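Scroll down for the structure; my scribbles are underneath it.
Quick note: the coordinates plus some simple rules give every number you see, no bench work behind them. This structure is a prediction, so every number in the text was calculated from the model and none was measured. Glycine gets a Cβ as well: all are built from the backbone with ideal geometry, and neighbour counts include every protein chain shown.
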C-alpha cells in the first residue's frame with residue numbers, strides 16, 4: 001500500500017493481509033462512501049510518570065484494583081494538553097488516563113511524523129445494505145515520531161474509527177414461522193386488547209436482572225425507554241456482550257409498552273444484583289435465569305432435596321422481596337430444575353408454543369417438575385410464549401450486534417438449528433422460558449396499573465384463574481428425571497394453568 | 001455478563017436469626033421470613049468486620065451481605081486450598097463472625113434460560 005511519510009493518500013490497492021488490526025478490520029472505501037470527516041479524532045495516551053505503569057507495555061492487566069498504577073501525573077496531563085493545543089489540536093475531553101483530541105489529518109501526520117490513508121468499514125461486517133463511512137486510519141507500517149516537545153509526554157495517539165452500528169429497527173426476513181415483537185407477542189398473550197383500553201403499564205416500575213441492555217434501534221424506534229444500572233461487580237453500562245438481557249427486555253415492552261423499565265446488569269453475584277433490584281423499590285422484578293438444582297454426578301439428573309447453602313441468601317432475599325410487596329417472576333427453566341423458579345412465592349413462568357393456526361402446544365423446551373426442596377410446589381404456575389426443541393427458535397428479538405447470541409445462532413445451519421440471521425445484524429430468533437418471564441412481568445404491570453393496591457399473591461391468582469388451557473404436548477423431560485410431564489385438560493404438569501391471557505387477567509384484577 | 005476481573009471472588013454472608021430456634025435449613029417463605037430476622041445492628045457489625053478484614057461490602061440485603069475480594073484474600077483468610085476450585089470449597093465462618101453469621105458461601109454465575 002503506497003504511502004508517503006507525512007502525507008495522506010487514498011489507497012488504491014486491496015489491502016494485503018496483515019496482523020495490523022486496523023488493516024484486518026477495515027477495507028478501502030468504494031465509490032459512494034461517505035467521505036471521511038474533516039478532522040481525525042484520537043485518543044492520546046500519556047507516557048507513564050515515575051512510579052506509574054504504561055497501559056501499552058505493562059505486563060499486568062488493567063483492572064479496577066490496579067487502575068491507579070496507570071495514572072500519569074496531573075502535571076504531565078496538563079503539559080500534554082497545553083502543548084497539543086499549541087500545536088493546533090482541539091482538546092475535546094480530558095480524563096486522568098487519556099486525552100481526547102481532534103485535528104486535521106495533515107496536522108496529525110506532520111506532528112507525529114506518520115502516514116494516514118483512507119479506509120472504510122469492511123462490507124463483510126455489515127449484515128444489510130448500509131452506506132459506507134470512510135475514515136482516516138494509520139497506514140500499514142507507518143513510522144511514529146512524535147516531536148521533541150511531546151516525546152516525554154505522549155506515548156501513543158490512536159485514531160478512533162467510526163462506531164459501527166449494524167442493527168436495524170426492523171427485524172430481518174426469515175422463511176420459517178416465528179413471532180415478532182411487539183405485535184405478535186402482544187396479540188397472542190392478549191395484551192394488545194388491554195392496551196386498547198388505555199392500560200399499558202404506565203407508572204408501574206419493572207426491574208429486570210440480566211446480562212445488560214444495549215439500546216437497540218428497535219427500542220428507540222418504538223419509543224421504549226430503559227434505564228440501565230450496574231449491579232455489583234458488573235462493568236460497561238452501555239454494553240451487553242451476551243445479548244440475553246437486551247433481547248428478553250423486548251418481551252416486557254411487548255406486553256406493557258409504557259412501563260418504567262430498569263435493567264440491572266448483573267456481575268458474578270446474582271444475589272447481590274437481586275438486592276440492588278429490591279433497593280429500587282420496584283413493583284415487579286423479572287428474572288430469566290436461575291440455578292439448576294440437580295445432582296451433577298447423576299446421569300438421570302436427580303433433583304436435589306434442599307436448596308444448597310450457596311443459594312440460601314437468594315432464597316432469603318426472594319422471600320423478603322415478596323413479603324415487601326414486590327411481585328417476582330422467574331423462568332421455570334429449559335430442562336433445568338430451576339431455583340428460584342421453583343420458589344413458592346414467585347410466579348414460575350413455563351412455556352406454551354402457539355402455531356400459525358393459534359393452536360396451543362406445551363413447549364418441549366420448557367421445564368415442568370415438582371420441587372423437592374419445596375414440597376407441594378409444582379413448576380410452572382402458568383406459561384408465556386416459548387418455542388420448541390431443538391433450539392426454541394421462535395421470537396425475533398433485538399440484541400447488541402455481534403454479541404454472543406447474535407453470533408451463535410447465525411451458524412448458517414437451516415432452521416430449526418439456525419435462525420437464518422447473520423452474525424452482526426443485531427437480531428436473533430430465541431425464546432426459552434427466558435422469554436416467558438418478561439412477558440408475564442409486563443402483564444403483571446397491566447394488572448398493577450389497573451389496581452395499584454393489588455398484592456403479589458392476588459396478581460398470581462388472577463393470572464392463574466384466567467390462563468388459557470393447553471391440552472396438547474409435553475414438557476422437557478430433562479427437568480423431570482427423564483419423564484416429560486404432559487399437558488391435559490385443566491391444571492396440568494406440563495403447562496400448569498396454561499397460557500397467560502392478559503385481557504382475562506385484567507378483568508379479574 | 002459484565003464480569004469485572006478474573007480474580008475477584010463474590011460471596012454471601014448469611015446472618016444468624018435473632019431467635020436461635022429458627023432454622024435456616026427449612027424452606028424460607030414470604031409469610032415467615034420476618035421470623036428469620038437478624039438482631040438489630042448485626043448487619044452493620046458484620047459489614048464493618050468484613051471491611052476491617054479487607055473485604056468489600058457490595059450489597060446489604062434483608063438478612064445477608066454480599067461481599068467480594070481478591071481470590072488471594074479469600075484463600076488466605078479462609079485457609080483455602082489454592083490448587084482446588086474455590087467455588088467447590090466450604091468456607092468456615094471465622095471465630096470473629098461466628099456469633100452473628102450463619103454461613104459464608106461463594107457465589108457462582110446463574111444460567112440464562114434461553115438454553
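Tabulated values for the structure
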read-out	value
For A:383, A:327, A:403, A:47, order by how many other beta-carbon atoms lie within 10 Å, fewest first	A:47, A:403, A:327, A:383
Label point distance in nm, residue A:356-residue A:413, each placed 7 Å from Cα along Cα→Cβ	2.4 nm
Cα gyration tensor category, rounded, prolate or oblate, for the range A:164-209 with a/c compared to 1.5	oblate
The protein assembly as shown: C-alpha pair distances exceeding 49 Å, %	22 percent
Potential extension, residue A:54-residue A:280 segment - 0.36 nm per residue separation minus Cα distance	77.4 nm
Chain B: calculated mean residue ellipticity at 222 nm from DSSP helix runs of at least 4, using -39500 (n - 2.57)	-5000 deg cm²/dmol
Computed E for residue A:85/residue B:85 - FRET, C-beta separation, R0 60 angstrom, nearest 0.05	0.70
Number of partner chain Cβ atoms within 10 Å, mean per residue of B:54-67	6
Mean separation of Cα contacts under 8 Å (6+ apart) over length of the range B:6-106, as relative contact order %	39 percent
Ranked list, fewest to most other Cβ atoms within 10 Å of each Cβ, for A:320, A:303, A:216	A:303, A:320, A:216
Partner chain coverage, peptide B:30-37 - average Cβ within 10 angstrom	5
Residues residue A:78 and residue B:40, FRET efficiency given R0 of 51 Å [Cβ-Cβ distance, rounded to 0.05]	0.50
Overall Cα dimensions of the range A:344-490, principal axis frame, Å, largest first	45, 39, 35
Candidates B:30, B:42, B:101: whichever shows maximal mean-square fluctuation once chain B is modelled as a Gaussian network with Cα springs under 10 Å	B:30
Relative contact order for chain A, counting Cα pairs under 8 Å that sit 6 or more residues apart, in percent	14 percent
MRE, 222 nm, helices only [DSSP H, n ≥ 4, -39500 (n - 2.57), over chain A, to nearest 500]	-7000 deg cm²/dmol
Relative exposure of A:238, A:474, judged by other C-beta atoms within 10 Å (fewest first)	A:238, A:474
Reference-scaled alpha-carbon Rg (2.2 N^0.38 Å with N residues) for the range A:191-268	1.11
For the range B:6-106, the spread of Cα positions along each principal axis, largest first, Å	42, 26, 24
Peptide-level mean, for A:223-235, of C-beta atoms on other protein chains within 10 Å	3
Length-normalised contact order of the range A:269-414 in % [C-alpha pairs under 8 Å, at least 6 apart]	19 percent
Percent of C-alpha pairs per 5 Å bin, the range B:27-72, short to long	5, 20, 26, 18, 15, 9, 6, 1, 0
Inter-label distance, nm, simple model (7 Å from Cα along the C-beta direction), residue B:48/residue B:7	3.1 nm
Long-range tail of P(r) for the range A:285-372 (Cα pairs > 22 Å, %)	32 percent
